[in-house]
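See below for the structure under consideration.
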């Protein structure tokens, strides 16, 4: 009941998790997906050879292509993370040269793509449940779940305020220095935080009314199947191969 309240009707879970339901990844146990993706990301982070880093990037892209998650969705999410990837890559380029900067971009992109496929191919609350069953501290998993809930509330309030502005005839400013446009946008931002804070307080009171104090009771259980072990073994073999090749080259 508490998890249902956290999810909320306004979040439209059928839209948020539509890619997970359409992908074969959605049928796997979330623990297997988390372990496999994290092992691969850690192995990729240890690579320093350019050819191995590019091989890791190719494997990550292939994983995304085979996941049945729409490529447009993955590209849109990757573009959202790209400024942060480029920031790290440019920093390395300035201090260590072009080759190291390129390696940083490819290595980070490989990890990001893998984790994006994991997030897109897993229902949100299944992902939280998997973290809980992997013995992630209850405080951490509960904070992640509540943070996700409140981010959705913030986005929902922003959409409502945009609709209200449009209904009142607001249009985008005529230029970068349009004072009126900046003033209206600043007022909108303030009201979004005020309204979202009020809704968050109401949501927290609803949780407490349903018995929530400091933790959410685990409601989903499942057993690892052969396909889950095969998925983890596939990632473990690829990761081990990359690390072995890296260690062999450094000796």
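The values are calculated or read from the model by the stated rules, or taken from the named source; none is laboratory data. All values reported here derive from a predicted model rather than from experimental measurement. In this analysis, Cβ positions are derived from the backbone assuming ideal geometry, glycine residues included, and neighbour counts consider all displayed protein chains.
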Complete set of residues in segment 120-138 that are touching a residue at least 40 places away in the same chain (Cβ under 8 Å) and either surrounded by fewer than 16 Cβ atoms within 10 Å (Cβ to Cβ) or not in a helix (DSSP H, G or I) (or both): 121, 122, 123, 134, 138
Unique match (being outside any helix (DSSP H, G or I) and either assigned by TED's automatic domain parsing to the domain that holds residue 104 or modelled with pLDDT of 90 or more (or both)) among 82, 47, 74: 47
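Assess whether residue 103 counts as being in a helix (DSSP H, G or I), modelled with pLDDT of 85 or more and over 15 Å from the mean Cα position of the chain (by Cα).
yes
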Single match in 112, 117, 92 (criterion: free of Cβ contacts under 8 Å to residues at least 24 places away in the same chain, surrounded by 12 or more Cβ atoms within 10 Å (Cβ to Cβ), more than 30 Å from residue 204 (Cβ to Cβ) and assigned by TED's automatic domain parsing to the domain that holds residue 51): 92
